[in-house]
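Since every read-out is calculated from the coordinates, none of them should be taken as a lab result. Everything numeric in this text was worked out from a predicted model, so none of it was measured. Using ideal geometry, Cβ is built from the backbone for each residue, glycine included, and neighbour counts are taken over all protein chains shown.
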Amino acid sequence: MEAIASNPVGGSNGLEEPKKMTREDWRKKKELEEQRKLGNAPAEVDEEGKDINPHIPQYISSVPWYIDPSKRPTLKHQRPQPEKQKEFTQGEWYKRGVKENSVLTKYRKGACENCGSLTHKKKDCLERPRKVGAKFTGTNIAPDEHSQPQLKFDYDGKRDRWNGYNPEEHMKIVEEYSKVDLAKRTLKAQKLQEELASGKLTEQVSSPRHQWGEEELNSQTERDHNSEDEDEDKYADDIDMPGQNFDSKRRITVRNLRIREDIAKYLRNLDPNSAYYDPKTRAMRENPYANAGKNPDEVSYAGDNFVRYTGDTISMAQTQLFAWEAYEKGSEVHLQADPTKLELLYKSFKVKKEDFKEQQKESILEKYGGEEHLDAPPSELLLAQTEDYVEYSRHGTVIKGQEKAVARSKYEEDIMTNNHTNDDEGLPAGDPNKEEYMTAPKTLVEMHQEKQREEKKKKKKKHKKSTSSDSDGEDRKKQEKLKKALNAEEARLLHVKEIMQLDERKRPYNSMYESREPTEEEMEAYQMKRQRPDDPMASFLGQ
């Protein structure tokens with residue numbers, strides 16, 4: 001009982017529960033924590049000498065008393081544990097081109113019975129099965145296969161494009177190029193020495209200005225080498241990408257966005273409300289001179305969209321639209337396959353469309369009237385404003401230009417009779433042309449209306465002639481079709497009459513009968529040939 005009372009919690013482990021803190025110690029501890037949070041007191045340090053954040057709760061930083069009560073607060077258990085960390089390969093790579101020249105002359109125990117290799121068994125051997133295996137012959141033993149190491153990489157190592165790269169391979173290329181360069185220099189110097197010895201460069205050697213030494217020869221060799229390199233690269237340097245210029249001397253690339261003499265699109269009209277310029281695509285679709293009152297044909301640039309709506313573009317689009325609509329209606333036409341057929345069909349369609357509109361307009365005017373409202377004169381006649389120049393004197397007489405026509409009224413008070421003076425005083429009495437001269441002169445509005453009436457009369461006469469000729473041809477075609485339909489109806493009636501005379505059991509089946517919608521001519525022939533027993537005049541008509 002005494003032992004249990006002295007160690008009620010720990011038991012045989014010898015761990016005692018921490019003593020309860022007094023009120024004063026608890027207050028001091030809380031004050032210290034507040035000072036650490038405010039930064040006035042230094043942070044608590046763990047067993048590794050690292051600072052512990054004072055804002056971390058106590059249940060995270062403190063070690064439970066039943067594990068190790070003497071242990072100081074720490075965050076080691078929150079960090080990655082070394083025993084749980086994965087080990088990745090560093091600096092190793094698969095061996096490439098491994099070729100071992102060791103020749104084996106004796107079969108080894110545990111090797112492949114077929115080829116003698118120690119890296120696989122007989123059932124896994126990829127060599128052709130031998131008649132007598134290497135286990136029994138001991139000859140032609142295959143070398144052991146090289147087994148690649150099992151490498152483990154992390155996320156970045158798996159995606160490293162330079163992983164396994166050997167810099168010595170690049171140094172081999174550099175060394176080879178330097179050897180070739182040195183051989184070129186030596187050959188060039190040797191050629192120069194031969195030219196000096198043969199006397200080709202005698203003038204330069206004999207000149208007092210040129211004292212050829214070893215250093216000058218080397219410099220001359222270097223200049224010749226540079227000129228040779230320039231000759232090799234001059235053709236490659238001259239080939240530039242579109243819109244680019246590569247300067248081989250400065251090793252820079254200059255982009256030629258446009259010809260320097262051309263005006264930039266955004267400088268053609270500085271008005272902010274003019275055409276919009278897109279700096280990303282360098283496009284200005286609208287006309288920058290639209291608000292300036294200039295004709296698009298007169299300016300050098302009228303926008304990017306101007307090209308799309310010039311020439312035969314609009315007519316081509318209309319023809320394509322007509323081809324699509326005609327194909328939907330059942331006409332087999334195509335713009336690229338049958339351009340001539342489509343053009344002729346489109347022309348005839350436009351002519352028929354205009355005739356149909358004219359006939360529709362005339363039928364509406366004949367039914368409802370109101371043709372006089374369509375014969376309105378131009379606006380300049382209605383407003384009495386024209387572009388004709390007339391110059392008057394101070395007295396009101398016309399000096400230059402045509403005199404304005406006098407407006408005559410159509411009412412009787414303007415007609416001069418009896419003793420009133422008028423322009424017909426000089427005419428003889430009883431002259432038949434007197435009434436023509438007595439009529440008042442016509443105004444410009446009346447003359448314009450009369451001209452329009454005459455043009456309409458001419459159009460009507462022309463249209464009647466064309467329609468009459470077309471109607472005559474259509475009537476003939478209808479008569480021929482009706483005649484054929486009547487003959488066919490008579491033949492059908494005779495056939496029906498013959499069948500009706502036969503016995504019902506001997507009548508043929510009607511399975512080959514063509515079922516289709518009858519035409520107008522066939523319906524008319526049927527109505528004409530149909531027997532009407534209810535008609536009282538049937539006996540007189542021979543029905």
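Numbers at a glance
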{"quantity": "Distance between modelled label sites at Glu145 and Arg23, nm, 7 Å Cα→Cβ extension", "calculated": "8.3"}
{"quantity": "Table column - 3J(HN,Hα) (Hz), region 150-156, Karplus curve with 6.51, -1.76, 1.60, x for Gly and Pro", "calculated": "8, 8, 10, 10, 7, 4, 6"}
{"quantity": "Diffusion constant of region 276-348 at 25 °C, which comes from Stokes-Einstein with the Kirkwood Cα-pair radius and 0.890 mPa s, µm²/s", "calculated": "165"}
{"quantity": "Net +/- balance of residues flanking Leu344 in space, Cβ distance below 13 Å, scoring K and R +1, D and E -1", "calculated": "+2"}
{"quantity": "Over 27 Å between alpha carbons, listed pairs Lys367/Lys459; Lys456/Lys478; Lys347/Lys484", "calculated": "Lys456/Lys478; Lys347/Lys484"}
{"quantity": "Ranked packing of 184-190, 290-296, most packed first, by mean Cβ within 10 Å", "calculated": "184-190, 290-296"}
{"quantity": "Approximate spin-label separation Asp338-Leu444, in nm, with each point projected 7 Å along Cα-to-Cβ", "calculated": "5.3"}
{"quantity": "Inter-label distance, nm, simple model (7 Å from Cα along the C-beta direction), Lys86/Gln193", "calculated": "6.5"}
{"quantity": "Set of lysines near Lys123 by C-alpha distance (under 26 Å), chain-local residues within fewer than 8 positions excluded", "calculated": "Lys99, Lys106, Lys109, Lys131, Lys135"}
{"quantity": "Rg to Rh quotient for region 22-153, alpha carbon positions, Kirkwood Rh", "calculated": "1.51"}
